[in-house]
């Protein structure tokens, strides 16, 4: 994989990151009252530099179906609110107890634990407010579908369920199947939501929907395995977060179960599968294909 | 106020509490997988005996407009999910650090802090899933309105904002105005939502909507002041939660600012005002009027 192969994708990813940050800046208004600290904490977390991969997938999967741009952008912002809330709560002392996130102190370090809990709560709530608002789409049924699917992806049967399993992972024996299921819930569900939302907004047909489900499924796993590899091989400065967390916590992950070489092989296999799913979209999918190469080659 | 005046209301409140518990029992299904602890914690908190006042108001305000019963009941259940999540998070050691709630150990005492954070997150998320689901109402626009208004009432501009102010209250000077604003956000916003939801589902006209807004506004404040009085005058066993929390935390509340007699007078005034707002509904509002007497006379 050479740098030039994914250069166009990276430019596009950076552009989208900027756009999403502008939208979030508008949606999370600062406040004057005594509650101002809450909005400061929400903005601190949500406007921090992130890759904004989930927004990229909402926007670029949606663009294949010529879905309306405002709807895609607001949905992307809502999804990023949920992702950001999950990072704030996962970083709490009673969870993963992390000091560093996106290259800056975590919210409970910068503010305090109560503010971190509340900022997470408020960002989660805001996500549903954004989706349900008529500015997102003129059709109420479509907005409700966006809300319902996001709730399912991020709730007890999705992301929060996955985080619960992760919290208990030190106490239960984990094999490849159980780690895969945990990660499908914890990180996969939100990545799959990006595809679902694009299909809802773009009016995708059954074959297209299935292709995108397959793509986001394999992509989510590939991304998580590459995350586990970076946890071993990356450094804190580049990643903007602490490394070797799983090993320190005595938790199994894809690398501890598959080994480094096995994990790398698995990422390549999943990446190839992910690309195969996109074949039906032909040229329309070329930036999405590049995004897979980016994940194969990611250093942060 | 004699016991017989509110007897019919109390019977009705108990019936609704039972019905809401049945609905929540169905909506929060237990799980088999390693995430089962999350669902146990959600059920532990949500199915515990509570007054279910918010559901009562959704149902009985909505019934005045002959709003569809299933829609009212699902909305009431969603609102109770949000209320329950807020209790779980507010009880956390980094917030109010409470050991007892609804007569049983708080979720972080019964399980652990991580489980409490996640159970709260999942209940909040579930509320929006319930509202957005087609079973709640056939009209997508109505469901979206329910979602959007609940998000506004419970987010940074509503309940969570109020809790942020409450967390900082030990550090800032509080007068009657600032305490009133804090409580309007922290507890008033969800009570007002009960009225908003009833109006949305019942297709209330402008005059009716305004009357209900006035009613829930005054009711919410009366309820909170009576809560502050119980914090001083009630006992832990009857209330099922710890008392004299504000005084211990050095926080001002309605009683510390108005005095016991002043606070009692204010509750009576607000209760009378609340009833006046309902005059336009004549006989249809008689159980709602009883509910106000119940709050005037509450012992838990």
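For the range B:3-296, the average shadow cast by the Cα convex hull is 14.7 nm², which is a quarter of the hull's surface.
The fewest-to-most ranking of B:64, B:182 by surrounding Cβ atoms within 10 Å reads B:64, B:182.
Across all directions, the shadow cast by the convex hull of the protein assembly as shown built on its C-alpha atoms averages 25.7 square nanometres.
Closest approach of a chain A beta carbon to the axis mapping chain A onto chain B (residue, whole Å): A:140, 2. For the range B:158-250, the relative contact order works out to 27 percent when only alpha carbon pairs closer than 8 Å and six or more residues apart are counted.
Helical content of the protein assembly as shown, expressed as a calculated mean residue ellipticity at 222 nm, amounts to -22000 deg cm²/dmol (DSSP H runs of 4 or more residues, -39,500 (n - 2.57) each, divided by residue number, nearest 500). Per residue, the average separation of C-alpha pairs within less than 8 Å and at least 6 apart gives chain A a relative contact order of 20 percent. Sort out for me the Cα centre separation of the range B:212-261 from the range A:92-134, rounded to whole Å. Between the Cα centre of the range B:212-261 and that of the range A:92-134, the gap is 29 Å. Contact order for the range A:47-203, expressed relative to its length and based on alpha carbon pairs under 8 Å spaced 6+ residues apart, stands at 32 percent. Ratio of Rg to Rh for the range B:1-140: 1.01 [Cα atoms; Kirkwood radius as inverse mean 1/r over pairs]. Taking a point 7 Å out from the Cα of residue A:29 in the direction of its Cβ, the residues of the range A:111-140 whose backbone N falls within less than 15 Å of it are A:130. Placing a label point 7 Å from the Cα of residue A:139 along the Cα-to-Cβ direction, the distances to the matching points in the other copies come to 1.9 nm, shortest first. For the range B:1-70 versus the range A:272-294, the inter-centroid distance based on Cα atoms is 49 Å.
Here, each number is a calculation from the coordinates, and none is a lab measurement. The shown structure was predicted, so the numbers you read here are calculated from the model rather than taken from an experiment. Note that we place each Cβ from the backbone using ideal geometry, even for glycine, and neighbour counts take in every protein chain shown.
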